[in-house]
């Protein structure tokens with residue numbers, strides 16, 4: 001989803017902030033392929049994402065509940081961290 005879509009929708013669930021040109025982001029996507037998540041493509045407007053959501057390092061995984069961040073991990077998550085993330089699915 002584009003940053004504007006993310007901004008204009010209610011935030012609930014797991015979100016991965018990433019870029020198509022980021023190798024670590026591709027690794028994170030592959031590791032989380034079996035998790036129901038929403039992908040926020042920061043390439044479209046990285047300044048908007050930073051100014052509104054303070055995401056300046058990707059990949060960044062956040063879990064939102066009722067528009068509030070209840071979990072955040074910056075960088076590639078390992079298998080143990082991904083297993084922990086599953087409790088939010």
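The table below lists the values:
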read-out: Qualifying residue in the stretch 38-46 (condition: within 27 Å of residue 87 (Cβ to Cβ) and modelled with pLDDT of 95 or more); value: no
read-out: Of all residues making up the stretch 62-75, the number that are within 20 Å of residue 22 (Cβ to Cβ) and surrounded by fewer than 17 Cβ atoms within 10 Å (Cβ to Cβ); value: 3
read-out: Residue in the stretch 33-61 that is surrounded by the most Cβ atoms within 10 Å (Cβ to Cβ), counting only those that are more than 11 Å from the chain's Cα centre (by Cα) and over 15 Å from residue 19 (Cβ atoms); value: 35
read-out: Residue in the stretch 56-63 that is at positive phi, touching a residue at least 12 places away in the same chain (Cβ under 8 Å) and out of contact with any helix residue (DSSP H, G or I) (no Cβ under 6 Å at 6 or more places or on another chain) present; value: no
read-out: Total residues in the stretch 30-44, condition touching a strand residue (DSSP E or B) at 6+ places or on another chain (Cβ under 8 Å) and over 16 Å from residue 76 (Cβ atoms); value: 4
read-out: Selection count, the stretch 25-47, where residues are in a helix (DSSP H, G or I) and more than 9 Å from residue 2 (Cα to Cα); value: 9
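The values are calculated or read from the model by the stated rules, or taken from the named source; none is laboratory data. All of these numbers come straight from a predicted model, not from anything done at the bench. Cβ coordinates were reconstructed from backbone atoms using ideal geometry, including for glycine residues, and neighbour counts include every protein chain displayed.
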